[in-house]
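Student: Once you've had a glance at the structure underneath, I'll fire off some questions.
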Amino acid sequence: MNKHIKNIFIAFISFSLILSILVLIILWNFSNNIPDYKFLKNYKPPVSSKVYSGKGNLVANFSKEKRIFVPYNSIPKNVINAFLSAEDKNFFSHPGVDAKGVLRAVINNIQNIMTSKRLEGASTITQQVAKNFLLTNEVSINRKIKEAILAFRIERALSKERILELYLNQIYLGSGAYGVAAASLEYFDKSIKELNYEEASLLAALPKAPSKYNPYRDKELAKFRRNLVLKNLFDNGFVDLQTFQKLKTSEIKLKKKEKIFLEDAQYYIEDVRKNIIDKLTYEKVYKQGFNINTPINLELQKVATESLRNGLEKYDKRKGWRGVLTNKSYNKDWFKDLDKYSLEKSIDWKISIVKKIDQFETEIETQDNIKGIIEYKNISWTKKEFEELFKPGDIIYTKKIKDNKFSLKQVPKINGGIVVMDPFTGRVYALSGGFSFKNSEFNRATQALRQPGSAFKPFIYALALENSYTPSTLVLDAPLVLDQGSDLKMWKPENYGKKFYGPSTLRIGLEKSRNLMTVRIAQNLGVKKIVEFSKELGIYDDPEELLSISLGSKETTLLKLTSAYSAFVNGGKLVEPILIDRVQDSEGNTIVNNEKRSCADCNQISFTSNSYPNIKDNYKQVFSPQTAYQITSLLEGVITRGTGKKLRKLKLNLAGKTGTTNENTDAWFIGFTSNLVIGVYVGMDNPKPLGKFETGSKTALPIFESFVKRAIKKFDARPFKVSDGITMMVVDSSNGQKAKFSSKDTIIEAYKSQNIKDGKVLFSNKNRLDTNNILRFY
C-alpha cells in the first residue's frame, strides 16, 4: 500500500515537473517573441492639432483620430470609478491578470457554451493596454498568452496610475472619439471635469462595443448598457442606493459639440494645413497636438463666402441655363448614388427630382422627401419654358423659397476668389477660393495664376510719383505702336472702347483706366525699373522685361495682388499675407510666430499710466508715405468719378481699382477702407472670355460691394490718414491747374510738399520725354 502511494506521489511529482517545464518552455518561447513594452513609460498618444480663429474659436482639427490627451491627475474620480466598475473592478489589487476574473469567466463560459450564448472575456485594463498598444485584435490562444505575459511585465514597469492614464486616453469610444476627453466633447460638449456619474457611466459603457452602444445610433440600448455600469458602481460602493435608483431612470441627454468649423472656411483651412505641413511635416502636425492660431474672422469669412457665391451665381444666370445634372427613374431610392453632386450645407440647395411638368409650374421632390413646386417666375432667368428645361426624372438643384415653393439653381461654370486682410499687418481675416470646396478644391485666391490687367496700374502710377511725377502731370492719350523686339510682333495697345482723349492728367489716367497713358508712363520710367518694383512688392517673382507688363499682362495670384495693395493704406510698407499667427506645441512652447511687430517700451509702462505703448515694426518701406497717400487719393477718385463709381451710393470712404484683361477673360476689383483691403477675382478655370461688357466693374465689383454692405459700417470706413509732407490744393479736375473762380469742376489734389512753392507746383525735367509722350508737370 505504502509502495503504491509512493508510486502515485512520484508520478504526480514527475507530471508536475514535466508540466512546469512545459509551461516554462511555452513562456520562454512566447517571451522571445513579445514586443518591447518599455516605450510605454514615456509614450504620448497621437493628438490632433487644433486650428483656432482670431477670437479663439476652434475651427478645425488636423488628425487621424479625434483625441485630447489628459494626464491622470486631471481625470476626475467619477470617470475613473465608472471605467473601473465597467471594465476592471480589481484593477488596483491584481498584478496584471485577475485570477478571480479568469476563474469566473471560465465557469460562466461553460454555461454560455451550453446555452449558445456569447463568450465573455476576463481581460483586465492592463491586458487591454497590452493589446491596444502592442498586439493585434486577433482572437487566438497565442495572443491571450502574450497579452497575459505583457500585462505582468507592464505592471512591474509602470505604476497603476500610468497604466490607467494610457488606457483612458487610448480607448476608442465611438463616433470617431479616442479617449475620455474627446468622447466627453463628442457626446456632451463638456470637459471631463464637468461630467456627472450618469454621463461618465455612458462613456464607460462604450468600450465593450462602441458602435453597438453608441447613443446617437440607439439610445435605448445605450441606456441599458449604461445602467449596467451604474449597477456595478452601486455594487462596488461608489454610489448609494438612492443615487443609483435616481440615475438609472434618467434619460440620456446628448449635446453634440457646436461645430464653429465652417464649411465656408474650407479653402482658408486647407491653405493653413498645407502651410503648416510644409513647415513642420505631416507626421508632426497629425500626431503632436499643435495649437495653431490663425487670424480668420468667422463673421467676415461667412460674409465673404456668401458675397462671392452670390456674385458668381448672378453672372451665371446672365449666361442662361446649361442643363440638368442627370436623369433617373423615380422610385423610393431615387436619391441614392448622387453623393457626387452634394454641396456644402451652407449653400442650402437640395438635390431634387422632377416629377410632373405643366405649362406654369413643375412638381419636384427633394432628397429629404419634401414635395414642392417651381413656379414660372422662378425660372424666368433661363428664358425658357418648362417643357424646354425638364422632363420627368431629371435631377436638378433647387432652393426652398417659402412653404412648398422652390427656385431652380445651377452650379456656376465661372469661379473666383475673395481675400480680406489687415493692411497694417498682412493678417488674412477671410479667404475663399471658389463657389464650393466640395465641388472643387482648387483655390482661386492662392493657386490660380491670372493676369491682373488694369488692377496692376496703380503700381505704375506709384512708381511714377516716386520719380518726379505729380497727380497733375499731363500725359498724352493718343495712338501708340511699339516694337517689342526682333522675335516679337509690333504691339499696338488700345484703350477700352478704342477712343483717345488727348493730354490728360495722371489722375484721370488712373481714374478712367487709360491704357495708352499707362504705357507711355511705363515707357518713360523704363521696363527694368517696373520689373524690379513689381518683384519688390511681391507681385511677381521673375517677370519678363516687356512693356506690356504695365497693363498687367504677367500672371499673379489674388492673394499676392491684394497684399501689395496694402502698401497704399499703411504708408508704403510691404506686408506679407499671414494665414497663421502662431503655432504652439502641446506644452505651450511657441515654435512658429509670424508677428513682425514689437513693443519697444511695454515693460516700462504700467496699466495705470496714461502713456501709450510704442509699437515698432520691421516692414520694408517700398515707397514713400506721401506716394502711398497720393495713390490712395487717386483710387478714391476711381470710386468717385472713374470705373468704380457704382460704389458711390454706399457713401463710404473707399478706394479701389477695377481690372479687366484682354477679351474680358479675367475680372478684378481690389479695394480698401482705412483698415481693410478686399480683393476679388472672377474668371473661368480654363481661361476664356466672360462675354461682352463683363468687365471688372460689372462682374467683380458687385462682389466687393456686397461684402462691404454687410461687413463694413460707416464708423469702420474712416477717412484715409493724410501723410506728413502732403500739401492739399484746389485744382481744375480737367487739367490739374490751380483752380480759378471760373473753374467749374474742381477737386482737392494731394501734392508732396517738396513740389509746392509759393502756391505753385514745381516739376523736374529729369524723366521728361518729348511732347509726344509727357507734356508737362504741374
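The values are calculated or read from the model by the stated rules, or taken from the named source; none is laboratory data. These numbers come from a predicted model, not from an experiment. Cβ atoms come from the backbone with ideal geometry, glycine included; neighbour counts cover every protein chain shown. Heavy atoms of the whole protein, side chains included, go into the accessibility calculation; ligands, DNA and RNA do not. Shrake-Rupley method; radii C 1.70, N 1.55, O 1.52, S 1.80 Å.
Student: Any idea what the alpha-carbon Rg over 2.2 N^0.38 Å comes to for region 607-733?
Tutor: That works out to 1.29 for region 607-733.
Student: Here's something else I'd like to know. Put one equal scatterer on each alpha carbon of region 542-600, apply the Debye formula with no solvent term, and list log10 I(q)/I(0) at q = 0.21, 0.23 1/Å to two decimals.
Tutor: Values returned for q = 0.21, 0.23 Å⁻¹ are -0.96, -1.04.
Student: Right, next: Relative to the present Cα-Cα distance, how much length would full extension add between ASN132 and PHE360 at 0.36 nm per residue of separation?
Tutor: 75.7 nm
Student: Suppose R0 equals 30 Å; then what is the FRET efficiency for SER743 and VAL722 from their Cβ-Cβ distance, rounded to the nearest 0.05?
Tutor: In this case the efficiency is close to 0.85.
Student: Continuing with the same structure: Using R₀ = 30 Å, calculate the FRET efficiency as 1/(1 + (r/R₀)^6) where r is the Cβ-Cβ separation of LEU449 and LYS317; round to 0.05.
Tutor: 0.60
Student: Could you provide, to the nearest whole Å², the per residue accessible area of the chain with probe 1.4 Å?
Tutor: Dividing the accessible area of the chain by its residue count gives 50 Å².
Student: Would you compute, from DSSP H runs of 4+ residues alone, the mean residue ellipticity of the chain at 222 nm, taking -39500 (n - 2.57) per run and dividing by the full residue count, rounded to the nearest 500?
Tutor: After summing the helix terms and dividing by residue count, I get -10500 deg cm²/dmol.
Student: May I pose another question? Stretched out fully, how many nm does the piece from ALA478 to ASP333 gain, at 0.36 nm a residue minus the Cα gap?
Tutor: So the extension gain works out to 45.5 nm.
Student: Continuing with the same structure: If you count the DSSP beta bridges with both ends in the chain, what percent of them are antiparallel, to the nearest 5?
Tutor: Around 90 percent of the beta bridges assigned by DSSP in the chain are antiparallel ones.
Student: Another question, then. Does anyone have the angle between helix 527-536 and the longest principal axis of the chain? Alpha-carbon axes, 0 to 90°, nearest 10?
Tutor: It works out to around 30 degrees.
Student: Please express the Cα-Cα pair-distance distribution P(r) of region 440-544 as a list of whole percents, one per 5 Å bin, running from 0 to the bin with the greatest distance.
Tutor: Taking all Cα pairs of region 440-544, the binned fractions are 2, 11, 20, 21, 19, 14, 7, 3, 1, 0 percent.
Student: Also, quick follow-up: Using 0.36 nm times the number of residues separating ILE401 and LEU325, minus their current alpha carbon distance, what extension gain do you get?
Tutor: Net length gain for the segment: 25.3 nm.
Student: Here's something else I'd like to know. With a 1.4 Å probe and all protein chains left in place, how much of the accessible area of the chain comes from carbon and sulfur atoms, in whole percent?
Tutor: Whole-percent figure for carbon plus sulfur exposure: 52.
Student: Under a straight-distance cross-link criterion of Cα-Cα below 16 Å, which aspartates and glutamates are reachable from LYS752, leaving out those fewer than 8 residues away in the same chain?
Tutor: GLU466, ASP724
Student: When the label point is put 7 Å from the Cα of ASN369 along its Cα-to-beta-carbon vector, which residues of region 311-333 have a backbone N closer than 11 Å?
Tutor: 332-333, by backbone N distance to the label point.
Student: Can you work out the base-10 log of I(q)/I(0) for the chain at q = 0.05 1/Å, using the Debye formula on its C-alpha atoms alone?
Tutor: -0.42
Student: Rank by packing, highest mean first: peptides 300-313, 51-64, with packing defined as the count of other Cβ atoms within 10 Å averaged across residues.
Tutor: Most protected by this proxy first, the peptides run 300-313, 51-64.
Student: Same structure, new question: How many nm separate the modelled label positions at LYS760 and LYS528, each set 7 Å beyond the Cα in the direction of the Cβ?
Tutor: 3.6
Student: With a cut-off of at most 15 other beta carbons within 10 Å, and DSSP calling the residue loop, which trypsin sites (Lys or Arg not before Pro) in region 495-600 qualify? Please list them.
Tutor: Passing both the DSSP loop test and the Cβ count: LYS498, LYS499, LYS596.
Student: What does the highest-first list of 724-736, 612-624 look like by mean Cβ count within 10 Å?
Tutor: Peptide ranking by packing, descending: 724-736, 612-624.
Student: May I ask you to give the average projected area over all directions of the convex hull of the Cα atoms of region 187-300, in nm² rounded to one decimal?
Tutor: About 10.1 nm², averaged over all directions.
Student: After finding the eigenvalues of the alpha carbon gyration tensor for region 240-343, what semi-axes result from the square roots of 5 times each, listed largest first in whole Å?
Tutor: 39, 30, 17
Student: Evaluate E = 1/(1 + (r/R0)^6) for SER440 and ASP585, where r is the Cβ-Cβ distance and R0 equals 41 Å; express this FRET efficiency to the nearest 0.05.
Tutor: Plugging the Cβ-Cβ distance into 1/(1 + (r/R0)^6) gives 0.75.
Student: Per the Debye formula with a single identical scatterer at each Cα and no solvent contribution, what log10 I(q)/I(0) holds for region 160-229 at q = 0.13 Å⁻¹?
Tutor: Listed by q, the Debye log ratios stand at -0.32.
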